[in-house]
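Trainee: Below: one structure in structure tokens.
The values are calculated or read from the model by the stated rules, or taken from the named source; none is laboratory data. Predicted model only: the values in this text are computed from it and were never measured. Don't worry about glycine lacking a Cβ; one is built from the backbone with ideal geometry, like all the others, and counts go over all protein chains shown. To get the accessible areas, we keep the full protein, side chains included, count just its heavy atoms, and leave off ligands, DNA and RNA. Shrake-Rupley method; radii C 1.70, N 1.55, O 1.52, S 1.80 Å.
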Amino acid sequence: MTTTGTTLDTIPLDLRGLKCPLPVLRVRKALIAAPAGSLLIVHCTDPMAAIDLPNLVRETGDIIEQQGDADGALVFHIRKAA
């Protein structure tokens, strides 16, 4: 059986209602614990996350694959670097 790399972990993080700096701290902790290649799907309502999370991934070398809004929350798809 052959795989195309789609068996990587997806880690949902519901951080709605948390205020700065908690969302970025929780994402940092999750990234440290996640295996390389994992996808974190982060939902948060703190508007500062739109600044803080891109700065975090710039520091860690991880990648924001997708960013947007859904159901009144900011949504980030963050890929843990290898």
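Trainee: Hey, what do the phi angles of the stretch 69-78 turn into as Karplus ³J(HN,Hα) couplings, whole Hz, using 6.51/-1.76/1.60 and θ = phi - 60°, x for Gly and Pro?
Mentor: Those phi angles translate into 10, 7, 6, x, 10, 7, 10, 10, 10, 10 Hz.
Trainee: Residue by residue through the stretch 9-25, what is 3J(HN,Hα) from phi via Karplus (6.51 cos²θ - 1.76 cosθ + 1.60, θ = phi - 60°)? Round to whole Hz and write x for glycine and proline.
Mentor: Rounded to whole hertz, the list is 5, 10, 10, x, 10, 9, 10, 4, x, 7, 9, 3, x, 4, x, 5, 5.
Trainee: Amide H to amide H, which residues 5 or more places from Ile11 or on other chains are under 5 Å from it, using H placed in the peptide plane?
Mentor: So Ile11 has HN proximity to Leu39, Leu40, Ile41.
Trainee: Most mobile of Leu13, Leu22, Leu40 per a Gaussian network model of the chain (Cα springs, under 10 Å)?
Mentor: Comparing Leu13, Leu22, Leu40 in a Gaussian network model of the chain, the most mobile one is Leu22.
Trainee: What distance in nm separates the simple spin-label points at Leu25 and Arg58, each placed 7 Å from Cα in the Cβ direction?
Mentor: 2.3
Trainee: Using a 1.4 Å probe and ignoring any ligands, DNA or RNA, find the accessible area of Ile41 and quote it in Å² to the nearest 10.
Mentor: Ile41 exposes around 40 Å² with every protein chain in place.
Trainee: Something else about it: If I build a Gaussian network model for the chain, linking alpha-carbon pairs within less than 10 angstrom, which residue out of Ala36, Ala50, Ala70 has the largest mean-square fluctuation?
Mentor: Sorting by GNM fluctuation, first place goes to Ala70.
Trainee: Does the stretch 5-52 come out rounded, prolate or oblate, given a ≥ b ≥ c as the square roots of the eigenvalues of its C-alpha gyration tensor, rounded meaning a/c under 1.5 and, failing that, prolate meaning a/b above b/c?
Mentor: prolate
Trainee: Can I ask one more? Once the whole set of protein chains is in place, how much accessible area is left on Asp46, using a 1.4 Å probe, in Å² to the nearest 10?
Mentor: 10
Trainee: Could you tell me which residue out of Thr60, Leu15, His43 lies farthest along the dipole of the chain toward its positive end? Charges go on the beta carbon: Lys and Arg +1, Asp and Glu -1, centred on the Cα centre.
Mentor: About the Cα centre, the residue reaching furthest to the positive side is Thr60.
Trainee: May I pose another question? Could you state the orientation-averaged shadow area of the convex hull built on the Cα atoms of the chain, in nm² to one decimal?
Mentor: The orientation-averaged projected area of the Cα hull of the chain comes to 5.6 nm².
Trainee: For Asp9, Asp52, give me the order by solvent-accessible area with a 1.4 Å probe, most accessible first, ignoring ligands, DNA and RNA.
Mentor: So the residues, ranked largest to smallest area, are Asp9, Asp52.
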